Amino acid sequence: SAKLLGCKIRKADSTLCSIMSLGENEKVVTISRLRLTNNEPCMVEVMNFPYSLVPGIEKEDLEESIYFLLKGKYQQEVVSAKDIMEPIIIGDYESKLLELIKPAAGLRTNRIGYDSNRRVIEYSTHIIPGKKCTLVFDRTI
């Protein structure tokens, strides 16, 4: 499940413009949530979407599945993604939300989500405590 921390519509900064191929005056919607497993905090996520693709999303129930909402209401579907992962020491804000004793190690994942035309429709950051994180790589070589 998820607890909504915030939702704001804003002008895309230069980083988002570059990653998402947006014009300098285009808007994004930024959705921040605390993810829960068995009512325990397990991840902080900040998701960005081009607002032109999801107008009015701020009025929806953002504690439910965002991907289901994207597909069902906006006909937008993330069909592939690139995840960039790095180990971190979790910051004060996230440590408080995740109920961690500082300092706490974790994993930051930055996700670039693509639609079926390889257009970027999502850029998100996920902060996961090390104690809640298991990586599995299943590869064929």
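The values are calculated or read from the model by the stated rules, or taken from the named source; none is laboratory data. This is a predicted model, so every value here is computed, not measured. Positions of Cβ are generated from backbone atoms using ideal geometry, with glycine treated the same way; all protein chains shown enter the neighbour counts. Ligands, DNA and RNA are excluded from the accessible area calculation, which covers all protein heavy atoms including side chains. Shrake-Rupley method; radii C 1.70, N 1.55, O 1.52, S 1.80 Å.
For Asp13, Asp115, Asp138, what's the largest-to-smallest order of accessible area, 1.4 Å probe?
Asp138, Asp13, Asp115
How much of Arg35 can a 1.4 Å solvent probe reach, expressed as accessible area in Å² and rounded to 10?
The value for Arg35 is about 70 Å².
Cα to Cα, under 27 Å, and not fewer than 8 places away if on the same chain: which lysines meet these conditions relative to Lys131?
Lys3, Lys82, Lys96, Lys102
Considering only DSSP states other than H, G, I, E and B, which GluC sites (Glu not before Pro) in region 63-118 qualify as loop sites with at most 13 other Cβ atoms within 10 Å?
Taking region 63-118 and a limit of 13 other Cβ atoms within 10 Å, the loop GluC sites (Glu not before Pro) found are Glu63, Glu64, Glu99.
In deg cm²/dmol and to the nearest 500, what is the mean residue ellipticity at 222 nm of the chain if only DSSP H runs of at least 4 residues count, each as -39500 (n - 2.57), divided by the residue total?
-4000 deg cm²/dmol
At 1.4 Å probe size, with every protein chain present, just tell me what the per residue accessible area of the chain comes to in Å².
It amounts to 62 Å² per residue over the chain.
Return the carbon/sulfur percentage of the accessible area of region 56-114, one whole number, probe 1.4 Å, all protein chains in place.
Carbon plus sulfur share of accessible area: 53 percent.
Return the tail of the calculated pair distribution for the chain, meaning the percent of Cα-Cα pairs more than 24 Å apart.
Distances greater than 24 Å cover 34 percent of the Cα pairs.
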